[in-house]
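The values are calculated or read from the model by the stated rules, or taken from the named source; none is laboratory data. All of these numbers come straight from a predicted model, not from anything done at the bench. Please note: Cβ atoms are built from the backbone with ideal geometry, for glycine as well, and neighbour counts cover all protein chains shown. When the accessible area is computed, the model is the full protein with side chains, heavy atoms only, and any ligands, DNA or RNA have been set aside. Shrake-Rupley method; radii C 1.70, N 1.55, O 1.52, S 1.80 Å.
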Amino acid sequence: MNNSSIKLNDFDAAIEQELAEVIEKYKSYISPTIADLWNMADFARLFIRGEGMQLWDKEGKIYYDFVAGYGAVNFGHNNPVIISGIKQMLESQVPSIVQISPTVITSALAENIAQLLPGDLEVSFFCNSGTEAIEAALKLVKKISNKRYIVSALGSFHGKSLGSLSISGKEKYKKYYRPLLKYTINIPFGDIEAAESVFKEKDVAAFFIEPIQGEAGVIIPPTGYLKEMRNLCDKYGVLLVVDEIQTGFGRTGKNFAVEYDNIVPDIMTISKSMGGGIAPIGACVTSKSLFKRAYGKSENYALHTSTFGGNNFTATAAIQATKLLIDENFATKAEQKGLYFKKCLLELQQKYSIIKEIRAIGLMIGIEFQMDYFGGLDEMKSQIESYLDDEFDYMGDLLSDDLYKTIDRFTTRITGNIESYMQKNFTLMISSYLLKEYRILTFSTLNNPNVIRIQPPLIITEKEIDYFISSFESVLKKFMFEREIVNI
Ligand code: PLP
């Protein structure tokens, strides 16, 4: 290829693009499917500036981010503490990526993590994403244990690489990729008896669990679940692996959600907000003794490595994130604002029958919608039919039985289709309205599309919560979901 004929984009060219050009590039070079979906739900915006809760599009319109990178932006967009650390690092000319020798920032980050995590969790393997942290944990378990089974929860989400998928609890994302890892079992979340019966029957190496299931629709287990699971794992010699990729870094009102039950897992996985909302980084953290059992011999030191894992650039962002978490007490912010948010949402639930349940812990919030509501469509159909009966009486025997049956089949099919379409797309419709009318970003949870996730940056103010509540209420009103109307 002749290099002089290639015209490549640089940063200036990239940032100057208009929305239509960006969508075209997605269509051509990334995913035509997602480009079409964005168009369908009218989700595409071109954000070129972010600060705290807010995002700016090219025209200077301000949006409010209640998704926060699915939990990766706890400290807000472009938090000044994260930015100044990164700027300092880049200006200092510390090399980002060096191999065969230790990296200076990484060592300090590892010490910070050891101080933040409970008990003897103090040895970190650094990687670049949540799913890589889970892969590292799976390999660690396999290296330590000579038992076979990995147990995890139905509905759980641990990432989309093959190992993580093998233990995740949603068939939709697994079925095209079989065979996955053998010897995995999903049990109901929060069910101690189910866990004990599997631990009794099978040779179980490890139990992987999210303290609160995020993608399953923000499912909060019964109080003390993790504590009891810790005891059960000890009783049966099962390694307890807690996935704090989404719940960590203050999101639930504690630095890490295991603090609610005051337990120390054998292995913990962290990521998302660990990168301060800017850098992709994750870690699989364990105790010295377990690390030694797995990788303590010199011939084993390179069994699990990553070229980019824990480089000086991402480690700088993470160092700043750990400092911010503690110095600015983000967990307490999440706890206080979460309580206020929950109270406001519960008040809305009293008024609007479409809200089935509010689940909230800190600023990890799920709004589950009442999809049985659409049983109302059946009611509507029978009313239309009864009206038609009167009309048909008047028209005498003009309609043949066959024609009547055809009409009946037709209306049944149409209402059925509308109902299933509404169920699939209801949360999409609400999110799309919130974006279009109120410039609020929300989205459903991955494994439960009936639930809208509310996971704003932890710096959210009460005023911004009030804005969300009044906007959300306007959307519900628009679709006439008030209790009085439903009860007629
Ligand atoms: N584990 C949990 C609990 C998650 O919520 C996620 C992502 O949402 C992952 C693992 C996977 O993380 P990543 O998307 O960075 O691979």
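Things worth noting here:
- Test: residue in the stretch 272-280 that is away from the ligand (no atom under 16 Å from the Cβ), assigned to a loop (DSSP other than H, G, I, E, B) and modelled with pLDDT of 95 or more: no
- Scanning the stretch 281-312 for residues that are assigned to a loop (DSSP other than H, G, I, E, B) and either farther than 20 Å from residue 109 by Cβ or more than 15 Å from the ligand (Cβ to nearest atom) (or both) returns 287, 296, 297, 301, 302, 303, 304, 305, 307, 310, 311.
- Given (1) closer than 30 Å to residue 258 by Cβ; (2) without any contact (Cβ under 8 Å) to a residue 40 or more places away in the chain; (3) not in a loop (DSSP other than H, G, I, E, B), number of the condition residue 102 does not satisfy: (3)
- From 210, 244, residue being in contact (Cβ under 8 Å) with a residue 40 or more places away in the chain, of a type outside the set (Val, Ile, Thr) and closer than 30 Å to residue 369 by Cα: 210
- Residues considered: 182, 142. Of these, the only one that is more than 16 Å from the ligand (Cβ to nearest atom), over 24 Å from residue 275 (Cβ atoms), among the basic types (Lys, Arg) and without any contact (Cβ under 8 Å) to a residue 40 or more places away in the chain is 182.
- Selection of the stretch 254-269 for residues being more than 10 Å from the ligand (Cβ to nearest atom) and part of a strand (DSSP E or B) yields 267, 268.
- Index of the failed condition, residue 214 passing every other in (1) more than 24 Å from residue 114 (Cβ to Cβ); (2) more than 16 Å from the ligand (Cβ to nearest atom); (3) of a type outside the set (Val, Ile, Thr): (2)
- Residues in the stretch 113-133 that are assigned to a helix (DSSP H, G or I) and open to solvent by 40 Å² or more (accessible area, probe 1.4 Å): 115, 132.
- Residue match in the stretch 115-129 (condition: of a type in the set (Gly, Ala, Ser) and either within 16 Å of the ligand (Cβ to nearest atom) or farther than 16 Å from residue 244 by Cβ (or both)): yes
- Once the stretch 233-253 is narrowed to residues that are assigned to a loop (DSSP other than H, G, I, E, B) and away from the ligand (no atom under 16 Å from the Cβ), the residue that is nearest to residue 207 (Cα to Cα) is 238.
- Single condition residue 140 does not satisfy, out of (1) open to solvent by 30 Å² or more (accessible area, probe 1.4 Å); (2) over 11 Å from residue 268 (Cα atoms); (3) touching a helix residue (DSSP H, G or I) at 6+ places or on another chain (Cβ under 8 Å): (1)
- Taking the stretch 134-201 and the helices (runs of 4 or more DSSP H) fully enclosed by it, the elements with 3 or more residues that are modelled with pLDDT of 95 or more are at 162-167, 192-201.
- From 384, 407, 354, residue being open to solvent by 70 Å² or more (accessible area, probe 1.4 Å) and either modelled with pLDDT of 65 or more or over 30 Å from residue 44 (Cα atoms) (or both): 384
- Flag: residue 47 matches the condition of being aromatic (Phe, Trp, Tyr) and without any contact (Cβ under 8 Å) to a residue 60 or more places away in the chain.
- Test result for residue 191, in contact (Cβ under 8 Å) with a residue 12 or more places away in the chain and open to solvent by 20 Å² or more (accessible area, probe 1.4 Å): no
- Pairs with Cβ under 9 Å, 6+ apart, first in the stretch 338-361 and outside any strand (DSSP E or B), second of a type in the set (Ser, Thr, Tyr): 338/252; 353/373; 354/373
- Residues that are in contact with a helix residue (DSSP H, G or I) (Cβ under 6 Å, 6 or more places away or on another chain) and touching a residue at least 40 places away in the same chain (Cβ under 8 Å), drawn from the stretch 442-461: 442, 443, 450, 452, 455, 456, 457, 458, 460
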